[in-house]
Amino acid sequence: MLEFPHDAHTHTVYSDGIGGITENIAAAEEKGLRLLGITDHSHYLSERTLGRYVREIKRWGGEADITVLAGIEGNITSGGVDLPDVMAKKLDYVIASVHEWLESPSQYIELVKLALLDENVTVIGHFGANFPHIGYPALEELEEILDLAEANGKAFEISSRYRVPDIDFIRECIKRGVKLVFASDAHYPPAVGRVSWSEKVFKKAGGTKEDLLFGEFL
């Protein structure tokens, strides 16, 4: 059993997931989660379909025995996060992630900096997932990312799917008061709540409920 049972990053048929919203909620309840975030990809949703998406999350979440939040996963591009203000305002929170193939860690860092300066962004998704393929940034670059996150009140997800960020980065977040969330990045209902790695590394880094973005729901 998880000590901090939540999953803040899951997908449904509203983007590239397989299951529906009700199926993700049912899976979360079955696994004993106390909080579930539905966070479909922004580029699958228009302003019109986003309204239906949020209404469905709120409808079924209102009937659930757990807290269900309406989120989204935006793409960080060279032009910023691909989520208009009018859409962001309808959501409980916004994850921003790098999904592009890049040539260097410095390019990755520059994209993440754009998201850290975006008022609509709540959480940086799977930070560092590209590093094994493109190389690791300098310590000074990581310090700059942490400085911006701390100054702008941004959180980082601990991704069980990609097993990032590393424990030293998580420790530094905890030290600085930068909030964290657990994430399965599930794309089908059986994967919802698969966050045991997230909790394990979080606790090993010395994390407590006060260090979690949604700790008040747990």
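From the residues in segment 192-211 that are assigned to a helix (DSSP H, G or I) and touching a residue at least 40 places away in the same chain (Cβ under 8 Å), which one is nearest to E30 (Cα to Cα)?
This residue is S196.
Give the residue, chosen from E144, E172, E216, E199, that is among the acidic types (D, E), surrounded by fewer than 16 Cβ atoms within 10 Å (Cβ to Cβ) and farther than 20 Å from H41 by Cβ.
Details: E144 fails: surrounded by fewer than 16 Cβ atoms within 10 Å (Cβ to Cβ); E172 fails: surrounded by fewer than 16 Cβ atoms within 10 Å (Cβ to Cβ); E199 fails: surrounded by fewer than 16 Cβ atoms within 10 Å (Cβ to Cβ).
None of the other options fit; the residue is E216.
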Across segment 3-24, the tally of residues that are touching a residue at least 12 places away in the same chain (Cβ under 8 Å), more than 14 Å from D185 (Cα to Cα) and out of contact with any Phe, Trp or Tyr (no Cβ under 6 Å at 6 or more places or on another chain) stands at 4
Just checking, which of K154, K179, K204, K209 is within 16 Å of G74 (Cα to Cα) and touching a helix residue (DSSP H, G or I) at 6+ places or on another chain (Cβ under 8 Å)? K154
Within segment 118-137, tally of residues that are over 23 Å from L213 (Cβ atoms), small (G, A, S) and crowded, with 16+ Cβ neighbours inside 10 Å: 0
Kindly provide the set of residues from segment 10-39 that are part of a loop (DSSP other than H, G, I, E, B), in contact with a Gly (Cβ under 9 Å, 6 or more places away or on another chain) and open to solvent by 50 Å² or more (accessible area, probe 1.4 Å), ordered by number. V13, K31
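If only one of R55, R48 is modelled with pLDDT under 95 and part of a helix (DSSP H, G or I), which one is it? Give the derivation first.
Values: R55 fails: modelled with pLDDT under 95.
Among R55, R48, only R48 is modelled with pLDDT under 95 and part of a helix (DSSP H, G or I).
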A115 meets each of (1) touching a residue at least 24 places away in the same chain (Cβ under 8 Å); (2) open to solvent by 20 Å² or more (accessible area, probe 1.4 Å) with one exception, condition (2)
Looking at (1) farther than 21 Å from N120 by Cα; (2) buried (at least 22 other Cβ atoms within 10 Å of the Cβ); (3) aliphatic (A, V, I, L, M), which is the only condition L102 fails? (2)
Any idea which of (1) under 23 Å from S196 (Cα atoms); (2) in a helix (DSSP H, G or I) is the one G61 doesn't satisfy? (1)
Output the residue which, of all residues in segment 175-191 that are without any contact (Cβ under 8 Å) to a residue 40 or more places away in the chain and surrounded by fewer than 16 Cβ atoms within 10 Å (Cβ to Cβ), is nearest to A8 (Cα to Cα). G177
For segment 99-143 the number of residues that are polar (S, T, N, Q) and part of a helix (DSSP H, G or I) is 2
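The values are calculated or read from the model by the stated rules, or taken from the named source; none is laboratory data. Just so we're clear, the structure is a prediction, and the values are computed from it rather than from any experiment. Please note: Cβ atoms are built from the backbone with ideal geometry, for glycine as well, and neighbour counts cover all protein chains shown. Areas reflect the complete protein model, heavy atoms only, side chains present, ligands, DNA and RNA absent. Shrake-Rupley method; radii C 1.70, N 1.55, O 1.52, S 1.80 Å.
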